[in-house]
1. Suppose the filter is of a type in the set (S, T, N, Q) and farther than 22 Å from residue 127 by Cα; does residue 245 pass it?
2. Being modelled with pLDDT of 95 or more and in a loop (DSSP other than H, G, I, E, B) is the filter here; which residues of segment 719-734 pass it?
3. Name the residues in segment 163-186 that are away from the ligand (no atom under 16 Å from the Cβ) and either touching a residue at least 60 places away in the same chain (Cβ under 8 Å) or of a type in the set (Gly, Ala, Ser) (or both), would you?
4. If only one of 15, 67, 55 is within 7 Å of the ligand (Cβ to nearest atom) and either β-branched (Val, Ile, Thr) or surrounded by fewer than 24 Cβ atoms within 10 Å (Cβ to Cβ) (or both), which one is it?
5. Give 442, 399 a once-over and let me know the one that is more than 22 Å from residue 672 (Cβ to Cβ), among the hydroxyl-bearing types (Ser, Thr, Tyr), touching a strand residue (DSSP E or B) at 6+ places or on another chain (Cβ under 8 Å) and open to solvent by less than 50 Å² (accessible area, probe 1.4 Å).
6. Could you tell me how many of the residues in segment 231-252 are assigned to a helix (DSSP H, G or I) and open to solvent by less than 10 Å² (accessible area, probe 1.4 Å)?
7. Taking segment 117-152, which residues are at positive phi and either of a type in the set (Ser, Thr, Tyr) or open to solvent by 20 Å² or more (accessible area, probe 1.4 Å) (or both)?
8. Just checking, does segment 715-736 include any residue being of a type in the set (Ser, Thr, Tyr) and either within 23 Å of residue 784 (Cα to Cα) or buried (at least 23 other Cβ atoms within 10 Å of the Cβ) (or both)?
Amino acid sequence: METHARVVVIGGGVTGCAILYHLAKAGWRDVVLLERKELTAGSTWHAAGSLFALTNPSSAAVLQNYTIRLYPELEKESGQSCGYHPVGGIHLARTDDQLTALQILHSRGKRNGIESEFISLEEARRLAPILKSDGLKAVLYEPMKGYCDPASVTQAYAKAARDRGAKIYRETPVTSTKQNADGSWTVGTPNGDIKTDYVVNAAGLWAREVAALAGITLPLQPVEHHYMVTETIPEIAAMGHEVPNISEPSGGYYCRQEGKGLLLGAYESKCVHWAENGTPLDFGHELLPDDLSRMEENLARAVEAMPCLESAGIKRVINGPMIFSPDLGPLLGPYPGLKNYFCACGVMSGFNQGGGIGKVLTEWIIEGEPSLDVFFWDVARFGDWAGKRYTRERTRYFYEHRTDLVYPAQEFTAGRPMRTFPIHDQLKEKGAVFGLNFGFEYPLWFARKDKGEVAEDRYGFNRGNWFDAVGEECRALRDGVGLLEISTFAKYEATGKGVAAWLEHLLANKMPKGIGKTVLSPMLSAKGRLIGDFTVTRLGEERFVMLGSGPMQRWHMRWFEQNLPRDGSIRVENLSVRYCGLHIAGPKARELLQAVVLDEDVGGNAFPFLSAKEMAVGACPNAIVVRVSFTGELGYEIYMPAEYQRGVYEALTGAGKALGLHHAGSRALLSLRVEKGFPSWGVDLSPDYSPYEPGMGRFVRLDKPDFIGKAGAEAASKAGPKERLASFVVEANGVDCFGGEAIYRNGQLAGYVTSGTYGHTVKESLALGYVKPQFFEDAAEFEIELLGKRRPALLSAKARFDPEGTRMRG
Ligand SMILES: Cc1cc2nc3c(=O)[nH]c(=O)nc-3n(C[C@H](O)[C@H](O)[C@H](O)COP(=O)(O)OP(=O)(O)OC[C@H]3O[C@@H](n4cnc5c(N)ncnc54)[C@H](O)[C@@H]3O)c2cc1C
């Protein structure tokens, strides 16, 4: 065995082999895969091999589409069959809501060119004569569905990787991973040690154990999963073609042809966790005792769609373990705080995701960044707060509800509450309905007790039960003053000698020169992609505070640490938990602030827009107050050490009584910022864009000598934006966009929606979306495919509310 390698991949399941293949394909030959037993000896060998491309979010669909399209190429390259059967698939809808869910899926696929079409029941019966079409409302056909042979796919990746020079060692368990002083790693095995630049943990069912070798804990939990294979079914044997895959929203099952029978998999209504305290090290090509009774409910639903299942003999029942993260998505990327330690763990759907994971991990290792936004699968999306209890409760919930409909704005209560801010109980008393943001409870909206509203969300595809209350929050804020809990915003303090120069290099805008000045700045990747969007304030010669998107904080810290000077001269501290935030906004916000700051002058001249001051606010002697606005109104963000939040809140609500202070939640903020055309991180802004698509070019100073991503930004600026973000006024007729809807111009696909809401103070249904530049024209007519219907929409080049920004600057 080698003693040196550039990359050591731990684990020879489909994920590890797909990564090895992509590394070798990218030209890295000295890459090694170590497998404890035989290839496929984890979840891989007993998988069902069902394939589908349509999924959420959009980039996940891109990766699944890539994976499936790779199989014919892989077969050709390796000379090894993948058992790939592109038989297509049909999704069934029995209720209006299920139909709507399919219409949404269909519309979202268009952004990435993933085909699907609604077909008639007759056509569905022609494709799948075993289908009972009674009670069906609609059928969506997805040509990319199909199935593969799991072991063959894995062997094909392995063979193609070997052919390109990669090495695979079986019967070679990794027993230690130690980082050396120079940042390289030593991977220990009973057959000797390998020194390597990069380690990739692709140990599947044992990812927790392998992570522990490097001293880290991953939020993962294995669960049991059943499928069964039937004997020959005469109707299928009599067919001249293969049955497409069959599934239905809320069905709890998936089904595909196997031989001349069917394979039926179940997301059982009772999830059973396996190996809670660790995966046995001697577990190999084994199955778990099956219990068909756990599949009964799923089987009954499948029989309703395919009556032939009722009398089919059962040839084989499989109960195998698979391992999940709390949201069932993979944990990918560099583990924060560990140099060159990459995770490719918790892969729930390796035959749909493996190729895409191999591609993005390879890009990440070799080029330093993946070619598309993969935050939804990034290991950094969870923090230490995602402990065992949370992981177990979330995996249970999402497994049991795997095929359930998900409604717009839906929040999930499993595993909560996790973390709460000091004024949580007061806000609850006020009627707050909470959502979850990086493990913290934060208010979405406030139910009005005097109007008999119940403080809970009721979901549907139409406007939610919070609509009127949110309307009142928006109007009260625009007419007077509103208070929002904003502690979930990420807050960082950067200090040290040379910190201003360091930030000039890290961020794309010019840093404020004067103390107390604030700028907005994008942060770009080495290739010029958007990777952050910050409010930066200078609080001292060598002290800056940066505010950004809450869920990105571990991601951002990973990036900051990667780019800090090695001499320790600059320090970035994540203050997000230690500091809480409250935001007051509206024409009376200044009056309110003045009432709680004693001797400080917060008048327009003394405290202008885009400036900041440290001052005593209420009980807090040293709050940081930043004059910025995400609502379009005169606004102040007030940050204070957590122990003072209650005191500041009481001061504000006390003084606010005379001013009609109204509480507002994040759904009001969504409405207000979309009225203003302000994009938000994670929905309208992501690494899928350069700063020029969302119109943030004015914050990129190409005249600075140098900054990370400058060359990429220059090229993007020269080429012009590939898409442009615009506001749309939608003739929505009682419903609103919520993101992902396809946008058409003269019947031609022109773009997609990223945010949608009702603009309560402009009294219009609104959306923000990207269109190709040739379609960007003020007042041009479009159609937006909302809940299956194309609805007229007008592009608005300017914000719908106060486009000149006079109110927030006033
Ligand atoms: C019943 C069932 C049905 C499924 N059906 C489908 C489906 O239809 N479609 C789909 O896409 N997915 C399906 N899956 C999921 C799929 O099996 C997994 O997503 C996939 O196998 C995960 O592969 P992996 O390589 O990440 O992990 P694993 O397959 O678990 O591989 C990890 C490998 O790492 C090795 N390893 C562990 N520790 C060490 C160590 N210390 N040193 C060296 N090697 C080590 C193990 O031996 C193992 O070979 C199904 C799963 C189950 C259980």
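1. no
2. Residues satisfying the conditions are 720, 721, 722, 723, 731.
3. Hits for segment 163-186 are 163, 164, 165, 179, 181, 183, 184.
4. Answer to the selection: 15.
5. Of 442, 399, the one residue that is more than 22 Å from residue 672 (Cβ to Cβ), among the hydroxyl-bearing types (Ser, Thr, Tyr), touching a strand residue (DSSP E or B) at 6+ places or on another chain (Cβ under 8 Å) and open to solvent by less than 50 Å² (accessible area, probe 1.4 Å) is 399.
6. Qualifying residue count for the region: 1.
7. 135
8. Yes; the residues of segment 715-736 include at least one that is of a type in the set (Ser, Thr, Tyr) and either within 23 Å of residue 784 (Cα to Cα) or buried (at least 23 other Cβ atoms within 10 Å of the Cβ) (or both).
The values are calculated or read from the model by the stated rules, or taken from the named source; none is laboratory data. Keep in mind it's a predicted model, so treat the numbers as computed, not measured. Here the Cβ is made from the backbone with ideal geometry for all residues, glycine too, and neighbour counts use every protein chain on show. Just the protein is used for accessible areas: all its heavy atoms, side chains included, with ligands, DNA and RNA removed. Shrake-Rupley method; radii C 1.70, N 1.55, O 1.52, S 1.80 Å.
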